[in-house]
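Working notes for the structure below.
The values are calculated or read from the model by the stated rules, or taken from the named source; none is laboratory data. Values in this document were obtained by computation on a predicted structure and should not be read as measured data. Reconstructed Cβ throughout: ideal geometry from the backbone, glycine too, with neighbour counts over all protein chains shown. Ligands, DNA and RNA are excluded from the accessible area calculation, which covers all protein heavy atoms including side chains. Shrake-Rupley method; radii C 1.70, N 1.55, O 1.52, S 1.80 Å.
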Amino acid sequence: MKVLKRKYARIVVGLSMAALLAFGFALAFRKNPMILRGSLVALVVSVLAIAFIRWRYLRCPHCGKSAAIVYWGPGWNQSCPKCRERIYFDDEQ
């Protein structure tokens, strides 16, 4: 049985928090161009990193067509919307 690594799901959750923080900084400091540029760059880099990690490491191990929903810990029964197979992480066996 193929499993996905939970560490990549946790990295995506952390990068999502960083993207939200960067977006908040961009809204709060939109008058200061240096902080605005830095926060927008951080936002774009984190969104691109999230997309890459989800595409490369969190795809369905059975069909490879959809990405798994990321959660910090175990407990959710996930199945691929395309092939309907159950998706397991390494801490759920």
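The shape of the chain can be summarised by an equivalent ellipsoid whose semi-axes, obtained from the alpha carbon gyration tensor, come to 33, 12, 9 Å from longest to shortest. Taking every C-alpha pair closer than 8 Å and separated by at least 6 residues, the mean separation divided by the residue count of the chain gives a relative contact order of 36 percent.
At each listed q (0.22 Å⁻¹), what is the log10 of I(q)/I(0) that the Debye formula gives for the range 1-43 modelled as equal alpha-carbon point scatterers? Log-scaled intensity ratios, in q order: -0.67. Rolling a 1.4 Å probe over the heavy atoms of the protein chains gives the chain an accessible area of 68 Å² per residue. Counting only protein heavy atoms and using a 1.4 Å probe, the accessible area of TYR71 comes to about 60 Å².
On the accessible surface of the chain, probed at 1.4 Å, how many percent belong to carbon and sulfur atoms? Intermediate values should be presented prior to the final figure.
On the way: 4110 of 6360 Å².
The computed percentage sits at 65.
Across the range 74-84, rounded Karplus estimates of 3J(HN,Hα) from the backbone phi angles (6.51 cos²θ - 1.76 cosθ + 1.60, θ = phi - 60°) give x, x, 9, 8, 10, 9, 5, x, 8, 9, 6 Hz, Gly and Pro being marked x. Among the trypsin sites (Lys or Arg not before Pro) in the chain, those placed in a DSSP loop whose Cβ has at most 10 other Cβ atoms within 10 Å are LYS2, LYS31, ARG84.
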